[in-house]
Amino acid sequence: MTNILRKAIVSGELDMGQKISETTLAQQLNVSRTPVREALKQLEREGLVEIVPRVGTCVRKPTEKEIIELFTLKEVLEGLAASQLAQRGDVPELHELIRAMEYMEKSVKEGNLDGYVEANDGFHEAILKGSGNSKLQFHYNLLINQLPYRRFVYLTLEQPDRLGKSVEEHRRIVEAIKAQDSQLSEQLMREHVRKSGGKLTEIIKDKLLKK
């Protein structure tokens, strides 16, 4: 139950600020209200929903400040993950990373934005897994689940020239990791996340926070 609702929020199926009815969800999922209520309490602890007594529950809308803070942490964690993956050499996750990069390039040539976003997910997942650091992955997941991240990716990639620049940034990261240059891998990964976050910050006021 919790996983179903979490996925709906993170994917953007449930919009930021959208009200959530326990009764409606229970009917849709053919369960009692109790598991729905418990799932919503867990998601509130994770920062995904807001429960207001006698008012109801809604998908939490992060503030501009929170988004900036979360991307700052994302930069640090993913930079560290890239550095650790580079130090591990020829591990399975490196090959997953290369395949994701190849799919990104293929998607760009075909003009397939959905394919690119899917490949982007695989790219970042391979880096996190490839770090070999379970604690890093745990805290990263807690962080990323506080953002409708996939929707943010679409927003940034829809900006002029961002898609081409994103491909090049990913390609340079892969080359640094393949060369086992941990310092450069971390630097490039952090720069990539910083640029993505910066581009997002330019558009969130108009497209998200003023909705």
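The values are calculated or read from the model by the stated rules, or taken from the named source; none is laboratory data. Just so you know, these numbers come straight off a predicted model, no measurement behind them. As a convention, Cβ positions derive from the backbone with ideal geometry for all residues, glycine included, and neighbour counts pool all protein chains shown. The protein model used for the area step is the full one, side chains on, heavy atoms only, and it has no ligands, DNA or RNA in it. Shrake-Rupley method; radii C 1.70, N 1.55, O 1.52, S 1.80 Å.
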Comparing Pro62, Pro35, Pro53 in a Gaussian network model of the chain (Cα, 10 Å), the one with the largest mean-square fluctuation is Pro53
In this model, which of Lys19/Lys74; Lys61/Lys106; Lys61/Lys129 are farther than 32 Å apart at the alpha-carbon?
Lys61/Lys106
Result row for the chain, helices from DSSP H with C-alpha axial extent 20 Å or more and mean Kyte hydropathy at least 0.0, is 64-88
In the Gaussian network model of the chain, springs joining C-alpha atoms below 10 Å, which of Leu128, Leu136, Leu147 carries the largest mean-square fluctuation?
Leu136
Is region 122-166 best put as rounded, prolate or oblate by its Cα gyration tensor, with a ≥ b ≥ c the root eigenvalues, rounded for a/c under 1.5, and otherwise prolate when a/b is larger than b/c, oblate when not?
oblate
When the accessible area of region 29-116 is split by element with a 1.4 Å probe, what percent falls to carbon and sulfur?
53 percent
Largest fluctuation, Lys65, Lys74, Lys106 only, Gaussian network model of the chain with Cα springs under 10 angstrom, belongs to Lys65
With every protein chain kept in the model, how would you rank Thr34, Thr2 by accessible area, 1.4 Å probe, largest at the top?
Thr34, Thr2
Compute from the Cα atoms of region 1-152 the Rg and the Dmax, the latter being the longest Cα-Cα distance, and quote both in angstrom.
17.9, 55
Which of the peptides 36-47, 184-195 is most tightly packed, and how do the rest follow, judged by the mean count of other Cβ atoms within 10 Å per residue?
184-195, 36-47
Partners for Lys41 among aspartates and glutamates (Cα-Cα distance below 16 Å; same-chain residues under 8 apart left out)
Glu22, Glu50
